[in-house]
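Beneath this line is the structure, given in structure tokens, with notes to follow.
Every number in this text was worked out from the coordinates using simple rules, so none of it is lab data. As the structure is a computational prediction, the values presented were derived from the model and not from experiment. Cβ: placed from backbone, ideal geometry, glycine included. Neighbour counts: every protein chain shown.
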Amino acid sequence: MSNRSRKNTAVTLTMLMLGMLLTLLLAAPAGADVTRGECVGQAEFPSKTNDNVLSADRSRSVVFLVPKEETVAYAGALSEDAQPFDGPVAFEGGMTVQFPLTSWQFATWGGESTQVSADGVYSYSIPSFVPAGTGEFEVTGWHKQGDIDCEVVVTVALDGKPGPAALVAAAGTVVFGAGVLAAGSKKGVKT
Amino acid sequence: MKGRPILGVITGFLFGLFLGVTLFLYGVIPLSSDMLWILPLLGILLGLIMAAWAPFGRSAEPVPPQATFTAASGGGTADITGDIPVETTDEDEEATAEATDEDDPSADDEIPEEPDEKADEETDEETAEESTTE
């Protein structure tokens, strides 16, 4: 096999590998909703002009775009026909963002109450250095009160466009991809 | 390995890492995707494969079988008799010739001593004849 044909074969195989990898990534299964219990709830994002209500029964495959800062009006209950407890019952809950090998709980609540529902407002502001318009985030909300255990999973994404961080990442990919190809050059021989 | 495995491991890891981040930032994969940690491992594997395969660059020129060191003969110099062109100048050739005369005893052996002795004998005979004639 001549040197030129070996070079072409290597480049072709590398491109093929990357293409197959990309195909696998794009073909990731959407998955069904994973929820526990019969909790109901919704969060309203007033600054959005359309699709501004995120409900607990929303399918995970439908991405909800969230602004980088907002004051959310929320309301939730253990079930649609839940009745108040006779006495105070301890409760705890939280919301987490799922990462590849771990998760980050960014909001928690807890205490004792006879109530089975709650509503209010929650303000958040995502730092400006966090790039918008990125891939999806899997956000899980959970709540435990007495014997009742609820979990709701929604898929959200930051509204916006990829900023300079995306360009830097793309440039790094190209540079280090070239480094991988350079690792395939023979020792002591200039390519 | 014929290539550069260390370079392959380092750049492969970073390539996979940056590829995963790029795919996430452009919305191709979600943040919870396992590909974000699988890709750097695949990158390391790709770098090692490239280093082992080493498809780029020319192969080193094969050493001609004639080019052998003549250390066994005590010379300590390379006797290159292949087709490799060697540019030499007149000064180099003279220096080589002088070194050969000084170092190589066989060079002195090639010079016959008998002609000198004969020449001396002839000179002596001529001198004797001249004196006899006188």
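Tabulated data
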| read-out | value |
| --- | --- |
| Dipole of segment A:65-173, positive end: most advanced residue of A:Ser128, A:Gly87, A:Ala166 [Cβ charges, Cα centre] | A:Ala166 |
| Length released on extending from A:Ala165 to A:Ser55, taking residue separation times 0.36 nm less the Cα-Cα span | 36.5 nm |
| Average partner coverage of B:2-10, which counts Cβ from other chains inside 10 Å | 4 |
| Two-site FRET efficiency, A:Thr108 against B:Ile6, from Cβ-Cβ distance with R₀ of 41 Å, rounded to 0.05 | 0.35 |
| Per-residue HN-Hα couplings for segment A:51-61 [Karplus 6.51, -1.76, 1.60; θ = phi - 60°; Hz; x = Gly/Pro] | 6, 9, 10, 9, 9, 5, 8, 5, 5, 5, 7 |
| Environment charge of B:Phe24, counting only residues whose C-beta is closer than 13 Å and scoring Lys/Arg +1, Asp/Glu -1 | -3 |
| A:Gly163 long-range amide H proximity, modeled H, under 5 Å | A:Ala132 |
| Cβ neighbours within 10 Å from other chains - mean over A:124-136 | 3 |
| Computed FRET value (nearest 0.05) for B:Leu45 with A:Arg6, which takes r as the C-beta separation and R₀ as 22 Å | 0.65 |
